[in-house]
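Written out below as structure tokens is the structure these notes cover.
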Amino acid sequence: MKVIISPYSRRMRNGNRNPKNYPYFEEVVKQLRKQGVYVIQIGIKGEKELGANKTLFNKPLKELVALLNKCDKWISVDNFFSHLAYLHNKPGVVIFGQSDPEIFGHDFNTNLLKDKKYLRPLQFAPWEDVIYSTECFVDASVVINKIIGND
């Protein structure tokens, strides 16, 4: 199985950690690879590499679409990649923390939200005003089970 991960949302203008970024991606990648999954990380130069089989930074949109069409599954945070996949009818797994999947998600994806109590009150306010919290995200095992199909 070949899985793409798009683990990061845009960098914050104020230099803070983006509250959309899932803190357990390294564990997800490690466990998927242990189970024989070929993991490809995509993103932009300067982002942390997470131990994927292959890491691709700064790829043109056309190459990302081609890669998307060749993968078996994909995982992302609430970022551009989930919307790109939606435009190409390729459902995947999206990890939400403080943003509401009922507003920003697509119904055909598996949208993982730990609990609505962690949603930020002003969903359209700037992310720079939001404090990063690991508590608001599902455990790595939840993501792995959605990809491997053990749930």
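The values are calculated or read from the model by the stated rules, or taken from the named source; none is laboratory data. Everything numeric here is computed off the predicted structure, so don't read it as measured data. Here the Cβ positions follow ideal geometry from the backbone for every residue, glycine too, while neighbour counts run over all protein chains shown.
For the stretch 5-47, taking the residues that are among the hydrophobic types (A, V, I, L, M, F, W, C) and under 18 Å from Phe96 (Cβ atoms), the one that is modelled with the lowest pLDDT is identified as Met12. For Leu122, the conditions (1) over 15 Å from Ile4 (Cβ atoms); (2) surrounded by 14 or more Cβ atoms within 10 Å (Cβ to Cβ); (3) not acidic (Asp, Glu) are fulfilled apart from (2).
Residues that are out of contact with any Pro (no Cβ under 7 Å at 6 or more places or on another chain) and among the aromatic types (Phe, Trp, Tyr) were ranked within the stretch 73-110; the one that is farthest from Ile131 (Cα to Cα) is Tyr86. Each residue in the stretch 52-64 was checked for being buried (at least 16 other Cβ atoms within 10 Å of the Cβ) and either in contact (Cβ under 8 Å) with a residue 40 or more places away in the chain or over 12 Å from Ser6 (Cα atoms) (or both), and 1 pass. Scanning the stretch 65-81 for residues that are in contact (Cβ under 8 Å) with a residue 40 or more places away in the chain and of a type in the set (Gly, Ala, Ser) turns up just one, Ser76.
Filtered by the rule that a residue be free of Cβ contacts under 8 Å to residues at least 40 places away in the same chain, aliphatic (A, V, I, L, M) and in a helix (DSSP H, G or I), the stretch 10-45 gives a lone residue, Val29.
Taking the residues in the stretch 2-39 that are more than 27 Å from Tyr118 (Cα to Cα) and in contact with a Phe, Trp or Tyr (Cβ under 7 Å, 6 or more places away or on another chain) as candidates, determine which candidate is surrounded by the most Cβ atoms within 10 Å (Cβ to Cβ). My answer is Val3.
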